[in-house]
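Since the structure comes first, as structure tokens, the remarks are kept for the end.
Just so it is clear, none of the values below were taken in a lab; they were calculated from the coordinates. For clarity, every value in this text was computed on a predicted model and none was experimentally measured. Cβ: placed from backbone, ideal geometry, glycine included. Neighbour counts: every protein chain shown.
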Amino acid sequence: MTPATKRFILGQLKAHRNMSFATVRSDGYPQATTVGYANDGLTLYFVCARDSQKVRNLRRSPKVSLTVNKDLANWRKITGLSMGATAKVLERPSDTKRAFALLSRKFKEMKTLSAEDLADTVTQTALCGLGKTAANPVLSTLRYFREEYEAHIIDNKCPAGVCKALIEYYIDPEKCTGCGTCKQACIHNAITGEKKEVHVINTDLCQKCGICRSECKFEAIQVS
Ligand code: SF4
Ligand code: SF4
């Protein structure tokens, strides 16, 4: 697949919300249905009942085909996707969690499946005042910092550059003067480089303590 084709496909997937999705029935007939989807690159997710005909078909055969397109009066203007693919029913909780997170971000109406809704339910059904306010921190942080939640959970990124598990330190070669201060400061020997040459951080050794960053006078050490 060329980069241009991939860009086109990702653009179409981003521009639309629904797809027609065909599975193979046991009698050999194709079964096409319309479902909402969310995508992670070229992997698509959708939700349906585990006892639905679609799932029964998929468990028997992973072969599927799908189309993504917009309804247009003038068929000459139609752009869309038609794909042959294989699909599987997600079984691991970590996979379904990620799929739900992606779908909830795209379909706000899927709020009924979210932590936000669970918190609402706790507030409405708790029997004492303390219970009724227990979910408030979740609700208020979701209200004001939803993008932060989504960046951490869905994109595995920490926009503030604080969560060690989600960040990496690197040296900007444009800014590094090769002064060597960071190399001396790193007690984990994670930085290499000759004097007056661009230095490099070995991410396998780096403990993400941030000392080198605070020592570099040239702001060459960045967090991604
Ligand atoms: S302290 Fe900064 S400028 Fe000096 S070698 Fe390290 S990264 Fe480069
Ligand atoms: S963040 Fe800490 S461990 Fe990593 S390179 Fe810098 S000083 Fe070394």
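Things to note:
- Positions within region 155-188 being more than 15 Å from ligand 1 (Cβ to nearest atom) and either in contact (Cβ under 8 Å) with a residue 60 or more places away in the chain or assigned to a loop (DSSP other than H, G, I, E, B) (or both), in sequence order: D155, N156, K157, C158, P159, A160, G161, V162, C163, I167
- Some residue of region 146-154 being touching a Pro at 6+ places or on another chain (Cβ under 7 Å) and within 30 Å of V47 (Cβ to Cβ): yes
- Scanning region 200-220 for residues that are surrounded by 17 or more Cβ atoms within 10 Å (Cβ to Cβ), of a type in the set (A, V, I, L, M) and more than 7 Å from ligand 2 (Cβ to nearest atom) returns a single hit, A220.
- When region 189-199 is limited to residues that are near ligand 1 (Cβ under 9 Å from one of its atoms) and β-branched (V, I, T), the one that is surrounded by the most Cβ atoms within 10 Å (Cβ to Cβ) turns out to be I191.
- Qualifying positions in region 169-189 - away from ligand 2 (no atom under 13 Å from the Cβ) and among the polar types (S, T, N, Q): T177
- Region 119-133: number of residues that are among the hydrophobic types (A, V, I, L, M, F, W, C), without any contact (Cβ under 8 Å) to a residue 12 or more places away in the chain and closer than 26 Å to S104 by Cα: 1
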